[in-house]
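> Before we start, here is the structure in question, set down as structure tokens.
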């Protein structure tokens, strides 16, 4: 079977989300220009469209002053766009985890007939992040919650300020659940485009690091600094369980 790698599928979804973010960026430029009584920067918009770049209004909360943020809290269009970006981000992330699990499972069972492997993959539950976390641990021996990024970008003006990587993932999962079932984020506040950009950038970095580090270990038997720190945390978790 010629099945696309999980990272390839994620990257396609990632590019689609990024295009939505660029569209939101252009929209935000028009809104802010109107609030500031300025002409919209047409050259910047042209650059965003032709060069696949994004403006500071998407990258940094500090590009908006407090009064603008307050006014934009009432601007449902930006909030709705941001919510859809976050929803798509989490969906792409969960799909990546499922496809990556299947990819590794097939690798570990490559001596087994493919139809048997595919049938067994259908028996696992992928309904929630907790289900996925459990099968990674129980079947692959991978502890998702112990894989930490070496650096997390924190913006003091954003409510997305996770202290550790897994907390950030859980925050995004909760926000996705709120949007899907209640129509908006309850705890995580989306007002401006950076509020959607931070979780998006966080997830794409996590996926890139996880994919590279675990591929190195599983396919090549190698190790990395991040993987060594991951192993240390796993041992600490296992030691703690034995004590209790």
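> Go through (1) surrounded by fewer than 17 Cβ atoms within 10 Å (Cβ to Cβ); (2) closer than 30 Å to residue 193 by Cα one by one and return the number of the condition residue 141 breaks.
Looking at each condition in turn, residue 141 falls short on (2).
> Just the residues that are touching a helix residue (DSSP H, G or I) at 6+ places or on another chain (Cβ under 8 Å) and surrounded by fewer than 16 Cβ atoms within 10 Å (Cβ to Cβ), please, taken from the stretch 95-113.
Step one: list which residues in the stretch 95-113 are touching a helix residue (DSSP H, G or I) at 6+ places or on another chain (Cβ under 8 Å), which gives 95-109.
Those that are touching a helix residue (DSSP H, G or I) at 6+ places or on another chain (Cβ under 8 Å) and surrounded by fewer than 16 Cβ atoms within 10 Å (Cβ to Cβ): 95, 107, 108, 109.
> Right, next: Among the residues of the stretch 29-45, is any over 19 Å from the mean Cα position of the chain (by Cα), closer than 21 Å to residue 185 by Cα and at pLDDT below 95? Even if it seems obvious, please write down each step before you answer.
We begin by selecting, within the stretch 29-45, every residue over 19 Å from the mean Cα position of the chain (by Cα); these are 29-45.
If we keep only those that are closer than 21 Å to residue 185 by Cα too, we end up with none.
Scanning the stretch 29-45, I find no residue that is over 19 Å from the mean Cα position of the chain (by Cα), closer than 21 Å to residue 185 by Cα and at pLDDT below 95, so the answer is no.
> With the structure loaded, tell me whether residue 203 is on the phi < 0 side of the Ramachandran plot and in a helix (DSSP H, G or I) or whether it fails that test.
Numbers: on the phi < 0 side of the Ramachandran plot: yes; in a helix (DSSP H, G or I): yes.
Criteria met by residue 203.
> Which residues, counting only those in the stretch 63-116, are without any contact (Cβ under 8 Å) to a residue 24 or more places away in the chain and more than 17 Å from residue 215 (Cα to Cα)?
65, 66, 67, 70, 74, 76, 80, 111, 112, 113, 115, 116
> Taking residue 119 and the conditions (1) within 17 Å of residue 3 (Cα to Cα); (2) free of Cβ contacts under 8 Å to residues at least 40 places away in the same chain; (3) surrounded by 17 or more Cβ atoms within 10 Å (Cβ to Cβ), which numbered condition does it fall short on, given that it satisfies the others?
The failed condition is (3).
> Would you confirm whether or not the stretch 196-207 contains a residue that is out of contact with any helix residue (DSSP H, G or I) (no Cβ under 6 Å at 6 or more places or on another chain), over 13 Å from residue 149 (Cα atoms) and surrounded by 13 or more Cβ atoms within 10 Å (Cβ to Cβ)? Let's see the steps before the verdict.
Narrowing the stretch 196-207 to residues out of contact with any helix residue (DSSP H, G or I) (no Cβ under 6 Å at 6 or more places or on another chain): 198, 201, 205-206.
If we keep only those that are over 13 Å from residue 149 (Cα atoms) as well, we get 198.
Checking the rest, the ones that are also surrounded by 13 or more Cβ atoms within 10 Å (Cβ to Cβ) come to 198.
Yes, that holds for at least one residue.
> Quick check, is residue 175 closer than 19 Å to residue 88 by Cα, in a helix (DSSP H, G or I), under 15 Å from the mean Cα position of the chain (by Cα) and modelled with pLDDT under 95?
On the way: closer than 19 Å to residue 88 by Cα: yes; in a helix (DSSP H, G or I): yes; under 15 Å from the mean Cα position of the chain (by Cα): yes; modelled with pLDDT under 95: yes.
Yes, satisfied.
> Select from the stretch 5-17 the residues that are part of a helix (DSSP H, G or I) and touching a residue at least 12 places away in the same chain (Cβ under 8 Å) and write down the one among them that is farthest from residue 200 (Cα to Cα).
6
> Moving to a separate point now. Check residue 77 against each of (1) at pLDDT 95 or above; (2) more than 16 Å from the chain's Cα centre (by Cα) and name the one condition it does not meet.
Among (1) at pLDDT 95 or above; (2) more than 16 Å from the chain's Cα centre (by Cα), residue 77 violates only (1).
> Those residues that are assigned to a helix (DSSP H, G or I), touching a residue at least 24 places away in the same chain (Cβ under 8 Å) and surrounded by 16 or more Cβ atoms within 10 Å (Cβ to Cβ), I need them from the stretch 144-172; list them, please.
Within the stretch 144-172, the first condition is being assigned to a helix (DSSP H, G or I), and the residues that meet it are 144-146, 165-172.
Next, only the ones that are touching a residue at least 24 places away in the same chain (Cβ under 8 Å) stay: 144, 146, 165, 168-172.
Once the filter is applied, which keeps residues that are assigned to a helix (DSSP H, G or I), touching a residue at least 24 places away in the same chain (Cβ under 8 Å) and surrounded by 16 or more Cβ atoms within 10 Å (Cβ to Cβ), the stretch 144-172 yields 144, 146, 165, 168, 169, 171, 172.
The values are calculated or read from the model by the stated rules, or taken from the named source; none is laboratory data. Since we're looking at a predicted model, the values are computed, not measured. Using ideal geometry, Cβ is built from the backbone for each residue, glycine included, and neighbour counts are taken over all protein chains shown.
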